[in-house]
């Protein structure tokens with residue numbers, strides 16, 4: 001609720017809870033892989049059995065995931081997004097959840113798109129590119145579809161309002177600057193320009209939050225799709241003999257072919273807004 005331009009910051013416009021990494025997922029996966037390999041190398045160096053090395057590998061990966069992943073609640077407010085983070089291992093040890101604010105001025109851009117999971121299922125995601133740590137935030141509909149859709153729609157509505165306010169402020173700044181020049185500047189009674197960051201209805205504004213283009217609409221997607229198509233056809237013809245190995249058959253028919261078909265569908269067939 002807003003009274004005289006002041007908004008209640010406790011008002012939640014949308015709430016979405018899901019399990020996810022609390023940092024950049026690519027970095028988290030890389031750290032987990034390295035940790036798992038280090039644990040496994042300890043078992044190999046100690047001369048332990050193979051099963052022990054595999055247990056250490058999986059244990060190292062899960063240990064890192066336990067610290068870098070958890071249950072995250074995203075709350076959308078007029079001034080930005082509040083994150084309530086419950087990492088799995090700290091939560092198990094009784095540690096209180098952490099909170100973090102991502103203000104509108106912290107968001108450089110965003111991407112709303114669909115992709116294919118490793119289970120060959122299409123999912124929708126919302127990716128925020130930040131000016132502050134962790135640099136990127138990923139939200140997907142894989143674990144809470146209805147909550148994701150509601151949060152996404154509310155987020156896009158707020159972004160539209162923030163961008164409109166930012167454009168209005170830039171126009172006002174240009175007008176004030178022009179008036180200041182005509183009047184001879186502040187020292188002669190003119191009015192100075194804005195500082196580039198302002199507040200309206202609880203929102204800190206200062207720039208337009210840009211929507212990034214889907215990868216499947218870029219020229220690189222077309223190039224990669226054509227290369228995949230040529231590679232798939234070439235390998236299918238080359239390995240089509242009766243003595244074809246099962247591994248080759250599996251990689252071509254269950255990895256390359258579905259991936260190529262999906263790329264062709266997204267890049268050349270499916271028309272998205």
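Sorted ascending by nearby beta carbons within 10 Å, beginning with the fewest, 20, 41, 178 become 178, 41, 20. Going by neighbour counts of Cβ atoms within 10 Å, the residues 104, 116, 51 line up, fewest first, as 51, 116, 104.
With each label modelled as a point 7 angstrom along the Cα→C-beta vector, the residue 17-residue 149 pair spans 2.1 nm. Short to long, the 10 Å bins of the Cα pair-distance histogram for the range 99-158 hold 20, 50, 26, 3 percent of all pairs. If R0 equals 25 Å, the separation of the Cβ atoms of residue 227 and residue 30 corresponds to a calculated FRET efficiency of about 0.45. Shown for 77, 143: other C-beta atoms within 10 Å of each C-beta, ranked fewest to most, produce the order 143, 77. Ellipsoid semi-axes for the range 2-156, based on the Cα gyration tensor and the rule √(5λ), read 36, 17, 13 Å when sorted largest first.
Values quoted throughout were computed directly from the atomic coordinates according to the rules given, and no laboratory measurement underlies them. Computed from a predicted structure; not experimentally measured. Backbone-built Cβ (ideal geometry, glycine too); neighbour counts: all protein chains shown.
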